[in-house]
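Written out below as structure tokens is the structure these notes cover.
The values are calculated or read from the model by the stated rules, or taken from the named source; none is laboratory data. Note that this is a predicted model, so its numbers are computed, not measured. Ideal geometry is used to build each Cβ from the backbone, glycine not excepted, and the neighbour counts take in all protein chains shown. With ligands, DNA and RNA removed, areas are computed over all heavy atoms of the protein, side chains included. Shrake-Rupley method; radii C 1.70, N 1.55, O 1.52, S 1.80 Å.
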Amino acid sequence: AGSVFRVAATDSTITLQTGTSTPMVARLAFADTFLTGANGYTIQFTRAGGRVTGFEVTNGRIRRVRFTKNP
């Protein structure tokens, strides 16, 4: 068991949400990497063969916590 995030994309942002939490909004910084505002998260998507396999989350207290995409 673990956290399950729902990820949605718009033209210029992504949102990540788990359970009934308030969605976290992030803006594109550079290829496959998004930054949030006040809470300082970096979300970097991982790929294999050009396909997204998951993402890693970093902030001031955690580093590269990995989440894997469900098929």
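Could you list, in sequence order, all residues of segment 12-34 that are open to solvent by 60 Å² or more (accessible area, probe 1.4 Å) and of a type in the set (Phe, Trp, Tyr)?
If the condition is that a residue be open to solvent by 60 Å² or more (accessible area, probe 1.4 Å) and of a type in the set (Phe, Trp, Tyr), then Phe30 is the only one that fits.
For Arg51, are the conditions met, namely being over 13 Å from Val7 (Cα atoms), open to solvent by 70 Å² or more (accessible area, probe 1.4 Å) and under 11 Å from the mean Cα position of the chain (by Cα)?
So Arg51 does not fit the description; no.
Counting only residues that are assigned to a strand (DSSP E or B) and free of Cβ contacts under 8 Å to residues at least 40 places away in the same chain, which one in segment 56-71 is surrounded by the most Cβ atoms within 10 Å (Cβ to Cβ)?
Looking at the filtered set, the residue picked out is Val57.
Just checking, which of Ala9, Ala38 is surrounded by fewer than 11 Cβ atoms within 10 Å (Cβ to Cβ), of a type in the set (A, V, I, L, M), at pLDDT below 95 and more than 12 Å from the chain's Cα centre (by Cα)?
Just a single option satisfies the conditions, and that option is Ala38.
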